Amino acid sequence: MDSLEIKGGNALRGEITISGAKNAALPLLAAALMTTDKLVLENVPRLADTLSMEGLLRHLGVAVTRDHETVTMSGGANSFDAPYDLVTKMRASVLVLGPLLARYGEARVSLPGGCAIGTRPVDLHIRAMQALGAVVELADGYIQARARKGLQGGRIMFPMVSVGGTENALMAAVLAKGESEIVNAAREPEITDLADCLNAMGAQISGHGTDTITVQGVDTLHAATHRVVADRIEAGTFAIAAVMTQGDLVLRGARDRHLDALLAVLRETGASIESQPGIIHIKSNGRPRAADITTDPFPGFPTDLQAQFMAMMCIADGSSHISETIFENRFMHVPELLRMGADIKVNGGTALVRGRASLTPAPVMATDLRASVSLVLAALATTGTSTVSRIYHLERGYSDLETKLGNCGAELCRIKA
Ligand code: EPZ
């Protein structure tokens with residue numbers, strides 16, 4: 001397993017072009033199952049997770065070709081079975097459930113199992129399918145779902161906001177007979193991006209981006225070309241890196257409306273932020289002041305930026321309360337930050353971080369995607385050489401990270417296992 005050796009202490013200065021969003025690309029790739037016509041997706045980041053999803057689609061029978069960041073798919077599925085070995089590699093594989101049920105009336109998808117940040121059940125996905133008339137059984141570790149006469153439109157009420165649950169419900173409703181209403185829907189930009197693509201394919205979706213989405217079922221979907229929205233979590237990660245290293249970064253392709261909660265907190269810590277269409281400019285004004293955050297579904301502070309923000313609070317002036325409300329175990333980065341001299345006390349879902357003037361370089365280990373990048377940020381802000389091991393976690397969600405950071409003054413090099 002490769003490691004990343006990071007010689008920290010340099011201010012990051014320059015410009016980074018933000019890639020397409022992983023968490024938009026994954027459901028968009030699954031949407032290819034809903035038509036036999038050609039779906040062309042542009043700006044699909046080359047990541048372990050997107051390549052896994054492309055592999056699963058091939059396994060299901062879809063013709064998939066990739067040319068740089070453009071993925072072309074056609075032909076639909078000739079198998080409806082998403083096996084354990086593919087699904088455990090990436091839990092977002094469960095997003096083939098809605099499309100397969102909607103288009104073929106059957107799906108057999110392995111239960112994803114948990115991951116480092118929590119048990120992450122799929123009960124809300126299953127209830128959504130049942131609300132549209134599917135018969136769902138759990139047997140042998142698989143979700144076995146059928147809708148012999150096709151799905152019927154209905155009211156899908158989410159007791160708690162679920163991004164993936166909303167995405168599966170949306171894709172299933174698009175080809176159901178009649179009208180569906182998704183209540184307490186997730187409002188993330190990735191949901192809006194998926195709905196925009198499905199509408200381009202002939203779906204009739206309205207209300208996406210709000211907590212109530214209405215869908216008029218259609219008989220078929222047709223060819224379309226769609227460009228994946230920029231990755232707000234990648235952009236937010238680099239914005240935090242700029243502040244932590246007392247640097248000055250221009251993020252090209254990022255949308256400020258997708259990062260309101262983060263940008264407001266970064267201004268509170270003392271950073272200067274200007275934005276124009278497709279550009280966010282972050283400039284540090286010295287050591288950041290401490291600030292409190294609580295993670296929330298969009299438009300609140302994203303849980304996927306919590307670990308990165310905690311790394312920043314470790315070197316802030318003052319104390320910060322960080323509350324994680326989305327996942328039950330998303331503080332895996334804490335023990336590793338403690339190894340770098342951070343002062344963090346965790347009590348249930350809240351961490352109290354007392355800022356230090358600086359951390360100390362150390363060998364640390366990545367545990368999950370966002371925890372690993374928070375360790376990279378901490379190392380970049382710390383004078384001396386740190387090593388982050390198990391960086392395969394990074395490759396799941398950040399494309400060309402070494403190049404993007406290296407072009408802005410970071411000194412990092414990959415140590416082959
Ligand atoms: C998506 O995961 C993202 N992944 C996650 O990003 C992100 O952290 C999460 O949304 C929240 O924003 C993708 O989009 C591929 P949820 P998802 O369903 O859909 C519970 C990253 O780092 N829940 O909104 O799995 C669940 O356990 C990843 O890029 C149920 O109880 O998240 C969690 O506590 C990490 N039952 C909460 O809801 C269900 O059926 C929110 O989960 C589904 C979810």
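A short reminder: the numbers here are calculations on the coordinates, not readings from a lab. The model shown is predicted, which means the values in this text are computed figures rather than measured ones. Positions of Cβ are generated from backbone atoms using ideal geometry, with glycine treated the same way; all protein chains shown enter the neighbour counts.
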- Item | Mean shadow area of segment 1-98, taken as a quarter of the surface of its Cα convex hull (nm²) | 8.1 nm²
- Note on the structure: The ³J(HN,Hα) series, computed from each phi in segment 70-75 with the Karplus coefficients 6.51, -1.76 and 1.60 at θ = phi - 60°, rounded to the nearest Hz and given as x for glycine or proline, is 10, 10, 10, 10, 6, x
- Task: Mind ranking 164-171, 183-190 by how tightly packed they are, going by the mean number of other C-beta atoms within 10 angstrom, highest first?
- Result: 164-171, 183-190
- Hey, can you grab everything whose amide H is under 5 Å from the amide H of A82? Only 5+ residues off in sequence or another chain; H modelled, so Pro and N-termini drop out. R108, V109, S110
- Note on the structure: Most packed first (mean Cβ within 10 Å per residue), the peptides 49-58, 67-76, 302-311 order as 302-311, 49-58, 67-76
- Query: With labels modelled as points extended 7 Å from the Cα through the Cβ direction, what inter-label distance (nm, one decimal) is found for Y392 paired with R252?
  - Reply: 3.4 nm
- Task: Mind running the shape call on segment 335-383? Use the C-alpha gyration tensor, a ≥ b ≥ c as the square roots of the eigenvalues: rounded below 1.5 for a/c, prolate if a/b tops b/c, oblate otherwise.
- Result: oblate
- Note on the chain: contact order normalised by length, alpha-carbon pairs under 8 Å, 6 or more apart, percent, works out to 21 percent
- Which one of N199, N285, N347 has the biggest mean-square fluctuation once the chain is modelled by GNM with Cα springs under 10 Å? N347
- Item | Alpha carbon convex hull of the chain, projected area averaged over orientations, nm² | 17.9 nm²
- Message: Starting from the 7 Å offset along Cα-to-Cβ, what nm value, one decimal, do you get for the label separation of R354 and N407?
- Response: 4.2 nm
- Note on the structure: Between V62 and residues 5 or more places away or on another chain, the pairs with built amide H atoms under 5 Å apart involve N78
- Note on the structure: Taking a crude spin-label model, label points 7 Å out from Cα along the C-beta direction, the R155 to E328 distance in nm is 3.0 nm
- Message: I need to check one value: relative contact order of segment 183-325, counting alpha carbon pairs closer than 8 Å and at least 6 residues apart, in percent.
- Response: 20 percent
